[in-house]
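Presented below is the structure to which this report refers.
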Amino acid sequence: MRNIIIYWINHGIRIFRIDNPHTKPLDFWEWLLNEIKSRYPDVVFLAEAFTKENLMFELSKRGFTMSYTYFTWRVTPEEIISYFSELNSEPLNYFFRPMLFTNTPDILGKDLWKGRNEFIIRAVLASTLSPLWGIYSGFELCENDHLGDTEEYLNSEKYEIKHRDFDSPGNIKDIISKLNIIREENPALKTHGNIYFCETTNNSILAYARYSQDFKNIVLVILNMDTDNVQSGYVRVPLGTLKINNYIYDAVDVLNNNKYKWNGEYNYVRLIPGKRQAHVMVIKC
C-alpha cells in the first residue's frame with residue numbers, strides 16, 4: 001500500500017481521499033501516514049469517515065490531515081452552534097481539521113431539497129465555519145432531484161455521464177467565487193478554532209464572528225436560516241471579546257457590497273431570501 005501511494009505521488013498526486021478508513025486497523029494508518037509524510041510532507045490525506053465521533057477523532061491523531069464531519073446533518077442554528085462549539089474546543093482544535101462538504105456523490109442532504117436559497121446558506125456556512133470546504137459537481141447549479149425519500153441523487157452521476165451548462169439560470173457560481181475571494185482576503189477565515197457565536201434576538205438568525213489571532217481581522221457572518229421568509233432582529237457583537245475599541249465602527253458586507261455604520265454591541269439586521277440571505281461583514285474600526 002505504501003508503494004502504491006508513492007507510485008501516484010511520483011505521478012504528481014498530492015491529495016488522497018481515503019474511503020472508510022475507520023474499517024481498517026488504526027496502527028496500519030499510523031505506520032503508513034508516517035512513512036509517507038516523512039518522505040513527502042506536503043501530501044494531504046482526507047479521511048472519509050462517517051463513523052462514531054471518537055473514532056473520527058482518533059484517525060486524526062494517527063496522522064490524517066483532515067476529516068469529513070457531520071456538517072451535512074447539522075442544519076438548524078442550535079445544531080450548528082452545538083457541533084462547531086465542540087469542534088472548536090480544546091483539545092479537539094489541536095488535531096482535528098474539519099473538511100466541510102456541502103454535498104457528496106452519495107449524500108444530497110434533505111435540507112438542500114428546499115432549493116436555491118438553502119444552497120446559498122450551506123455554501124456560506126461551509127466556507128466560513130472552517131478553513132476547509134468543498135462542493136460536489138452540480139452544487140453550483142443547485143441540483144437537488146432526489147431518489148424518493150432518500151439522500152441519493154436521482155439519475156446519479158455515479159451511474160451516468162453528466163453534461164452540465166454552468167451558465168444555466170439560477171446558478172450560484174458567482175456567490176461561490178465571491179466566497180472564495182473573501183476567504184483568500186481574510187486571515188480570520190484561514191485558521192481553525194477561532195469562532196465566537198453571537199447572541200441574536202431571532203432564533204431564525206445565526207451569527208458568528210471569526211477573528212485572527214491578533215484581532216486585526218474580524219469577519220462577522222449573519223445568516224437567515226429561513227429560506228422562505230424575511231427575518232429581522234438584533235445581533236450582539238461582543239466588543240470587548242473581539243477587541244473592538246471603537247463604539248462606532250464600520251461593518252462592510254463583502255458578500256453583498258454594502259457598508260453599514262454600526263453603534264455599540266446591539267445592531268439591527270433584516271435578511272431577505274432571494275435578495276440577501278446572509279451578511280459576511282468585515283469589521284473596520
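May I ask you to list the residues in the stretch 139-165 that are closer than 28 Å to Arg210 by Cβ and either in contact with a strand residue (DSSP E or B) (Cβ under 7 Å, 6 or more places away or on another chain) or open to solvent by less than 30 Å² (accessible area, probe 1.4 Å) (or both)?
Within the stretch 139-165, Phe139, Cys142 qualify.
Kindly provide the set of residues from the stretch 118-149 that are over 29 Å from Arg97 (Cβ atoms) and outside any loop (DSSP other than H, G, I, E, B), ordered by number.
Step one: list which residues in the stretch 118-149 are over 29 Å from Arg97 (Cβ atoms), which gives 145-149.
His146, the sole residue that qualifies.
Give me a count of the residues in the stretch 18-48 that are in contact with an Asp or Glu (Cβ under 9 Å, 6 or more places away or on another chain) and open to solvent by less than 10 Å² (accessible area, probe 1.4 Å). Outline the logic, then answer.
Of all residues in the stretch 18-48, those in contact with an Asp or Glu (Cβ under 9 Å, 6 or more places away or on another chain) come to 18-22, 26, 48.
Add one more test, that the residue is open to solvent by less than 10 Å² (accessible area, probe 1.4 Å), and what stays is 21.
Here the count works out to 1.
Please give the strands (runs of 3 or more DSSP E) falling wholly within the stretch 216-257 in which 2 or more residues are within 20 Å of Pro187 (Cβ to Cβ). Before you say what the answer is, go through the steps one by one.
Numbers: elements: 218-224, 231-236, 248-253.
In the stretch 216-257, 218-224, 248-253 are the strands (runs of 3 or more DSSP E) which contain 2 or more residues that are within 20 Å of Pro187 (Cβ to Cβ).
Suppose the filter is closer than 16 Å to Leu100 by Cα, modelled with pLDDT under 95, assigned to a loop (DSSP other than H, G, I, E, B) and not basic (Lys, Arg); does Phe64 pass it? Quick ask: steps written out before the conclusion?
On the way: closer than 16 Å to Leu100 by Cα: yes; modelled with pLDDT under 95: no; assigned to a loop (DSSP other than H, G, I, E, B): yes; not basic (Lys, Arg): yes.
No; evaluated as a whole, the condition is false for this residue.
Within the stretch 166-186, how many residues turn out to be buried (at least 16 other Cβ atoms within 10 Å of the Cβ) and without any contact (Cβ under 8 Å) to a residue 40 or more places away in the chain? Even if it seems obvious, please write down each step before you answer.
Of the residues in the stretch 166-186, the ones buried (at least 16 other Cβ atoms within 10 Å of the Cβ) are 171-172, 175-176, 178-179, 182-183, 186.
Cutting the leftovers down to without any contact (Cβ under 8 Å) to a residue 40 or more places away in the chain gives us 171.
Selection size over the stretch 166-186: 1.
Of everything in the stretch 43-83, what is of a type in the set (Ser, Thr, Tyr) and either touching a Lys or Arg at 6+ places or on another chain (Cβ under 6 Å) or under 17 Å from Trp31 (Cα atoms) (or both)? Give them in sequence order. Working first, answer last.
Taking the stretch 43-83 first, the residues of a type in the set (Ser, Thr, Tyr) are 51, 60, 65, 67-70, 72, 76, 82-83.
Scanning the stretch 43-83 gives Ser60, Thr65, Tyr83.
With the structure loaded, tell me whether Thr51 is within 23 Å of the chain's Cα centre (by Cα), hydroxyl-bearing (Ser, Thr, Tyr) and either crowded, with 17+ Cβ neighbours inside 10 Å or part of a helix (DSSP H, G or I) (or both) or whether it fails that test.
On the way: within 23 Å of the chain's Cα centre (by Cα): yes; hydroxyl-bearing (Ser, Thr, Tyr): yes; either crowded, with 17+ Cβ neighbours inside 10 Å or part of a helix (DSSP H, G or I) (or both): no.
No, not satisfied.
The values are calculated or read from the model by the stated rules, or taken from the named source; none is laboratory data. The shown structure was predicted, so the numbers you read here are calculated from the model rather than taken from an experiment. All Cβ positions, glycine included, derive from the backbone under ideal geometry; neighbour counts span all protein chains shown. Accessible surface is based on the protein model in full, side chains and every heavy atom, while ligands, DNA and RNA are left aside. Shrake-Rupley method; radii C 1.70, N 1.55, O 1.52, S 1.80 Å.
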